[in-house]
Amino acid sequence: MPKPSIINLQKVCSLFLCFGFLQIAFAQKDYVSFEKVEKAFPLNSVRLFLDSEDHEGVHLVAEDLQTDFKIVTGNEPEIYSEEINGKYPVIIGTIGKSKLIDELITSAKLDVSEIEGKWENFLIEVVENPSPGVEKALVIAGSDKRGTIFGMFDLSEKMGVSPWHWWADVPVKKVEQLYVKPGSYTSGTPKVKYRGIFINDEEPGLGNWAREKFGGINSKMYEQVFKLILRLKGNYLWPAMWGKAFNEDDPKNPVLADKYGIVMGTSHHEPMVRAQKEWGTHRENYGNGEWDYQTNAEGLRDFWRDGFERNQNYENLVTIGMRGDGDEPMTEGTAIELLETIVADQRQIIEEVTGKPASETSQVWALYKEVQDYYDQGMRVPDDVTLLLADDNWGNIRKLPDPEDEPREGGYGIYYHFDYVGGPRNYKWLNTTQIERVWEQMNLAYQYDATELWVVNVGDLKPMEFPISFFLDFAWDPEAIDANDLKDYSKDWAKKQFGEEYASEIGEILDTYTKYNSRRKPEMLSPETYSLIHYNEAENVVKDYNKLVKKAEEIYKRLPAEYKDAYFQLVLFPVKASANLNELYVDTAKNQLYAEQGRAIANSYAEKVKELYNIDSALTEEYHNIADGKWNHMMSQNHIGYTYWQQPEEQVMPEVKTIEVAKKPEMGVAIEGSKESWPASNETARLPEFTFVADQKYYVEIFNKGKGTFDFKVKKNDKWIQVSEESGSVSDQKRISVSIDWNKVPKGKSTGNFSIQQGRKSVKIEVPIHNISPGNIKGFVESNNYIAIEAANYSEKGNNEKGWTLVPNLGKTRSTMTAFAKTPTHGEWSENNPYLAYDFHNLSTGNMKIEFLLSPTLDFHNKGGLRFAYSIDDKEPQIINLHQDTKDDWGTSVGNNITRVTSELNLEEKGNHTLKIWAIDSGIALQKIIIRKGEIGESYLGPPESKTAK
C-alpha cells in the first residue's frame, strides 16, 4: 500500500501491518541455507533457463549470476532458452516478457498476484513439478525488468557474493552445500521509487583511475557502476560531469544503461539530458552563443531539443529548469518569470518530440542552492514534475514538504551529499558520514513524504562504500531500519564483507571512525582544532584514534589473506589515515606551544610532524598498490594544506618551529588548564578545582629547556595532596598526575599547594578543592563552574515514549535525542508535549548560562526556525529557537558539526534541580547540555560529562 501522509501516519501504523512487514523482512534474509533442509532446492549444480525474448538486461545479469554460481559452488551453470528440463532448473523471467514464467502462471504452478503490476518486485519460489519430467524448480520472477534483475542479484548476495565483490575486492567463500528453502519469498515494493548515486568531483581520483584501467570514464567503467547500483537494489544514476559528457564521450553509455535498466538523470544544472560540458565543447554546432536565455533562447532550445531527441527512447528522469554555467546562479536576484518561461519552453520541446503530453515524461526540478529561493518566493512548476529538494551540501536537509500542502502527482525527492566541493571547505578525501545522521535526516524525509527520488553525491564512489550501502538499503525500505537497528546494520554489513568471526568488532570500528571523522572534516583540521590544555582533549582524540588503529590492525593480522585487500580499503586505510592526520595536527600544535614555552622537546615534535606527513603519503601509496595496483590513483586527493575552501594545488605540511636550546639542563613546569609555563610566567600556577564527587586527576608537566638531564623533587605542603611521582629525573619531559586523598581534606572550599624543585629553583602550584557531602545529591554535579550532561543520559522521558528518539552514536561525543515527525506537537508548547528530564546539582548560584549543543539541522519548513522549550523545576518554560537564538552562522555550524544555542537562567539556591526539555518542532537533535557560571575552559568538543553522586 502507498505510504500514508504524516498527518495520518499514526492511524495506519497498525500492529498487523508492522507484523506483516517484519515477516517479509525476515523471510528475505533467510531463504538460502548452507545446510541441507528438507524439501529444499539444491543450488550446487543447476541450469539457468530464460526466455530469449526477455529483456536484454535480464540476460546480461543472468550471466553475472552464472559467474556468481561458479565462484560460490565451483560449478558454472549453463544458460538455456528452451523448454525446461534437467534435474535442478532455475527459471528466471519477467512477467509478460517470459513465456516460461507466463506458462507457470497460466498452469497455476506459480501465483504472482502479490507482485504482478507492481514496481520492481520479485518473487523467489521453489515450485514442485513445474513441467512434465521435472520434479522441482527454483523460480525467480520479476514484476518488471528491474524486479527480475533484483531477484537474481538478491540470490547472489544470499549465496555470499557481496555487492562490493568487484568494487572493494570482497572475497567469496566457496561452499559445498547450498539450498533454497521451500516456500515463497517476495521482495515487496521499494518505498522510495528512484534510488541512486551521483559520481561527482571525480578528479583527480576516479578520473585518473578510470583512464588508466578503462581508457576513460566510458561504458567499460560504467558497466561496473551499473551492476553495483543494481546489486545494491538502486536504479538511478547521475553520471560524472567534471568535464564529462555521458552521452557523447562514449555513445555506448546510454545504450548500456538502458539495457541494464538504470534510469539516467543529469545533475541539478544540466537540463534536458544534456551535460553542461556539451555546451560548445564536443561538437562545433553545439552550444552556439552564451549560456543565457535572455540573449540566446533559440540557441539553448536547439541545444536542449537535440539532446532530448537523442535520448528520448531511453528511461530518463529529465532535469528541467536552468542554472548558470559552471554551477552558478543563473542571474542576480530571483528571476521567477524568466525561469517559468524556460520550464514552459522545455516542456513544449518534450511534447513536440514525443508527440505526447509533457506529463507522460518523468521530469525533475532540483531546488538546489539559489533555486530554492525561486520556490520559496512563489514559483511553481506543473504538478507532474518531481520537486527534488536538497541538503545544504553538508548532510542537513534544507527543505521538506509541508504536511498542509496538497500531495503532488510528481512527488518530492532528496538530493544528499557524502562529498562536496565548496564552502566552507571541500571534503572529498575520506568517508566522514555517520550512517546515524543519514538515518536521522532521511527518516525525516520519509516521514514527510519525500519518497519519489533519493540521490546522493558520492564523489569518487570509493571510499564511500559503507554509507552508499546504507543509503540505498534505507531507501528500499526506511521502515526496516529503526534507530536501534543501526549498530546491528554495521555489524551485518561487516559480516557480509568479512564473515561472522569479527563482524561485531569491525562494525564497531566502522561506527567509531565515522563518528570521529564527522566531528570535523579532515580538510578542516588545523593545529588549533582540539585543545591542548583543557580536558586532555587533543591527547584523548589522538589516543582514541590510535586505540582504534590498534584494534583494526589486530583484526587485519588475524584475517585470512584473501580478506586483507578488502579490509584495507574498507576499514584499515580510513582508520589509519584519519588517525595519522589527526595526530599530525595535534603534534603540530604541541610543537608550536612547546616552542613558545621553550621546551627542548619542541624540536623533536617538529621531526615527528615531518614523519607523520610522510606516513600520510606512504599510506596512500600502500592503498594504490593493493590488489596488484587495481585502485591506483583512487586516493590521490590532496587533503593537507588548505588555506581556504578550495583544495591546495599540492599537499603542504603544516608549519613547524625549531628553537635553540640551552647547553645545560634547565627545569620548566606547565600545568593542565594553562598555556603558561613556570618559572617564566608572572601568573600563579593554579590547577583546576578538584571536587569530591568528580574525584579528578590533573597533570603537571616537568620539562627540560636545555640539553642533558636534571633531577627534581616534589615538596608537599598539604598531606591530602597526592602526586604520582615525588622525585625523578627529566631528560625531555615528564608528566605527573595530581589527585586528592578525600579522607584527609577539610570540608567546603580550600586551597593547598605543593612545589616542584630543581636545585634552588622552585615552582609553587596551588591546588583548589571543594569537598561536599554526597548524601542528598541527585543527578549531575557541578565542578569547575559547569555541569555537562550528555543528552542521552536523561533521568525521565515524559508524556510520550516515542516523542524523543535516541539515535545511538550520533554526534560529536555520545548519542543524540531527536524529536520526530511521528509525534506532532501542533507547533506550540504544551505541558502535554513529550519531554526529557535531567537531574543536576549546582554549587554556584545567581545568573548562569545554559548551552544546548544540537546537530546543525536546518529550518526545513522555512517557518522561522525549529523550536524546543526548557524549564527548571517546573517553572515557566523558555522557548528556544535553534536558528534565531544561536550566534553561530551556517559555516560555523556545519564546520563544527554542531549548533550552539545559549540562554540565560538564574539559580537562586544551591542543590538539586530538574531540567526539562520539551519537544515543539520535529527535527531538533540534541547532543549535549552545559550549565555554566562564567567562563570555562575552551575546547572543541566541550567539557566532558559531569559526574553523578554514587
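Just a few scattered comments:
- Any hit, segment 863-885, residues being touching a helix residue (DSSP H, G or I) at 6+ places or on another chain (Cβ under 9 Å) and at pLDDT 95 or above: no
- Test: residue in segment 340-361 that is under 22 Å from ASP392 (Cα atoms), part of a loop (DSSP other than H, G, I, E, B) and not charged (D, E, K, R): no
- Exactly one residue among GLY846, GLY827 is surrounded by fewer than 19 Cβ atoms within 10 Å (Cβ to Cβ) and modelled with pLDDT of 95 or more, and that residue is GLY846.
- Leading residue by the ranking (surrounded by the most Cβ atoms within 10 Å (Cβ to Cβ)) among those in segment 61-80 that are hydrophobic (A, V, I, L, M, F, W, C) and under 38 Å from the mean Cα position of the chain (by Cα): VAL61
- Taking segment 717-726 as the range and being surrounded by 14 or more Cβ atoms within 10 Å (Cβ to Cβ) and either more than 51 Å from the chain's Cα centre (by Cα) or not assigned by TED's automatic domain parsing to the domain that holds ILE756 (or both) as the test, only ASP718 passes.
- Every residue from segment 630-675 that is closer than 30 Å to VAL894 by Cα and either aromatic (Phe, Trp, Tyr) or without any contact (Cβ under 8 Å) to a residue 12 or more places away in the chain (or both): TYR642, THR643, TYR644, TRP645, PRO648, GLU649
- Test: residue in segment 492-505 that is within 22 Å of GLU452 (Cβ to Cβ) and surrounded by fewer than 19 Cβ atoms within 10 Å (Cβ to Cβ): no
- When segment 845-883 is limited to residues that are of a type in the set (S, T, N, Q) and touching a residue at least 40 places away in the same chain (Cβ under 8 Å), the one that is nearest to GLU904 (Cα to Cα) turns out to be ASN847.
- VAL549 meets the conditions (1) closer than 30 Å to GLN696 by Cβ; (2) among the aliphatic types (A, V, I, L, M); (3) part of a loop (DSSP other than H, G, I, E, B) in every case but one. The failed one is (3).
- Of all residues in segment 801-814 being over 18 Å from MET442 (Cβ atoms) and in contact with an Asp or Glu (Cβ under 8 Å, 6 or more places away or on another chain), the one that is surrounded by the fewest Cβ atoms within 10 Å (Cβ to Cβ): ARG814
- Considering (1) of a type outside the set (Ser, Thr, Tyr); (2) buried (at least 19 other Cβ atoms within 10 Å of the Cβ); (3) modelled with pLDDT under 95, the lone condition that LEU836 does not fulfil carries the number (3).
- Hits in segment 740-763 - residues which are touching a Phe, Trp or Tyr at 6+ places or on another chain (Cβ under 8 Å) and not in a loop (DSSP other than H, G, I, E, B): ILE740, GLY752, ILE756, GLN757, GLN758, VAL763
Results for (1) at pLDDT 95 or above; (2) surrounded by fewer than 21 Cβ atoms within 10 Å (Cβ to Cβ), shown as yes or no for each residue.
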position	(1), (2)
GLU82	no, yes
PRO89	yes, no
ILE92	yes, no
ILE95	yes, no
ASP102	yes, yes
SER113	yes, yes
TRP119	yes, yes
VAL134	no, yes
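- In segment 500-511, the residues that are over 8 Å from SER490 (Cα atoms) never reach a residue that is of a type in the set (S, T, N, Q) and modelled with pLDDT under 95 with C-beta atoms less than 9 angstrom apart, at least six apart or across chains.
For every residue, the table says whether it meets (1) surrounded by fewer than 21 Cβ atoms within 10 Å (Cβ to Cβ); (2) without any contact (Cβ under 8 Å) to a residue 40 or more places away in the chain; (3) not polar (S, T, N, Q).
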| site | (1), (2), (3) |
| --- | --- |
| THR684 | yes, no, no |
| ASN704 | no, no, no |
| LYS707 | yes, no, yes |
| PHE710 | yes, no, yes |
| LYS715 | yes, no, yes |
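Every residue, every condition in (1) buried (at least 21 other Cβ atoms within 10 Å of the Cβ); (2) farther than 20 Å from ASN200 by Cβ; (3) out of contact with any Ser or Thr (no Cβ under 9 Å at 6 or more places or on another chain); (4) at pLDDT 95 or above, yes or no:
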{"site": "ASN296", "(1), (2), (3), (4)": "no, yes, yes, no"}
{"site": "GLY326", "(1), (2), (3), (4)": "no, no, yes, no"}
{"site": "LEU389", "(1), (2), (3), (4)": "yes, no, yes, yes"}
{"site": "PRO403", "(1), (2), (3), (4)": "no, yes, no, no"}
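- Selection within segment 778-812 - in contact (Cβ under 8 Å) with a residue 60 or more places away in the chain and among the hydrophobic types (A, V, I, L, M, F, W, C): PHE780, VAL781, ILE787, ALA788, ILE789, ALA791, TRP804, LEU806, VAL807, LEU810
The values are calculated or read from the model by the stated rules, or taken from the named source; none is laboratory data. Predicted, not measured: the structure shown is a model, and the values here were computed from it. Cβ sites come from the backbone with ideal geometry, for glycine too, and all protein chains shown count toward neighbours.
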